[in-house]
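S.K.: Take a look at this one; I'll ask things after.
Just so it is clear, none of the values below were taken in a lab; they were calculated from the coordinates. As the structure is a prediction and not an experimental result, all values here were calculated from the model. Note that each Cβ is placed from the backbone with ideal geometry, even for glycine, and that neighbours are counted across all protein chains shown.
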Amino acid sequence: LESRLDADTIESFELGAKFTLLDNRLTLNAAVYSIDWTGIPSRIRSPEPACAGGFVNNNVGEAKSEGAEIELGYLVAENLKLDLTVAYNEAKFTQVTESSGFEVGEPLPQAPHITANLGVEYGFDLGANPAFIRMDIHHSGEAEAASQQFANPTVGDYNKINLRAGIA
């Protein structure tokens, strides 16, 4: 199995809108998109036992990704802001190379259908300096990797919590 990696290309189309409402206290951004990806690079398992590490780099095909996302930001009080983002993505192979191990119509590995983020930020003065504290909770939904290239055909969903603070 020859290891050769060519450049990949993406053609992306997006239609969206941005709104500011309620005396600038509410922002709403929404978009739908379609992405065509050709020459997808990947590390694929080599059938040759002499291959170092058992993997070679190759281009494995083409994929189409379609989805939508919505972002909301709301100023609850002068110093308290809430943010919510939700996205849906459907990403599948539309063409594959014979040696890739993938199949046409198979979901792209590691590409969750649903992602979401909830953020809360509180601003305050610390002495004469503006300061803030922020917490974000990120959810990444289950992703599929049904190909034989992966030991586990499904990557479970997970949540991540970030906490940060700052002072100017």
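S.K.: Which value in nm describes the separation of the simple spin-label points at residue 27 and residue 136, placed 7 Å from the Cα toward the beta carbon?
M.R.: It works out to 1.3 nm between the two label points.
S.K.: Can you compute the equivalent ellipsoid semi-axes for the range 97-148, i.e. the square root of 5 times each eigenvalue of the Cα gyration tensor, sorted largest first and rounded to whole Å?
M.R.: Ellipsoid half-lengths, sorted descending, are 45, 10, 6 Å.
S.K.: A further question follows. Which ³J(HN,Hα) values in Hz, rounded to whole numbers, follow from the phi angles of the range 125-140 under the Karplus curve 6.51 cos²θ - 1.76 cosθ + 1.60, where θ = phi - 60° and Gly and Pro get x?
M.R.: For the range 125-140, the Karplus-derived couplings read 9, 10, x, 9, 10, x, 9, 8, 9, 9, 10, 10, 10, 10, 10, 10 Hz, x marking Gly and Pro.
S.K.: Once amide H atoms are placed 1.01 Å from N in the peptide plane, what residues at a sequence separation of 5 or more from residue 61, or on another chain, have their amide H within under 5 Å of its amide H?
M.R.: 39, 40, 97
S.K.: Something else now. If I take every Cα pair under 8 Å that is 6 or more residues apart in the range 58-134, average their sequence separation and divide by the length, what percent do I get for the relative contact order?
M.R.: Normalised by residue count, the contact order of the range 58-134 is 30 percent.
S.K.: For residue 18, which aspartates and glutamates qualify as cross-link partners when the Cα separation must be under 13 Å and same-chain residues fewer than eight apart are set aside?
M.R.: Of all the aspartates and glutamates, those that pass the test against residue 18 - Cα under 13 Å, at least 8 places apart if same chain - are 69, 71.
S.K.: Ordered by packing density, taken as the mean number of other Cβ atoms within 10 Å over each peptide's residues, highest first, how do 25-34, 157-166 rank?
M.R.: Per-residue mean Cβ counts within 10 Å order the peptides as 25-34, 157-166.
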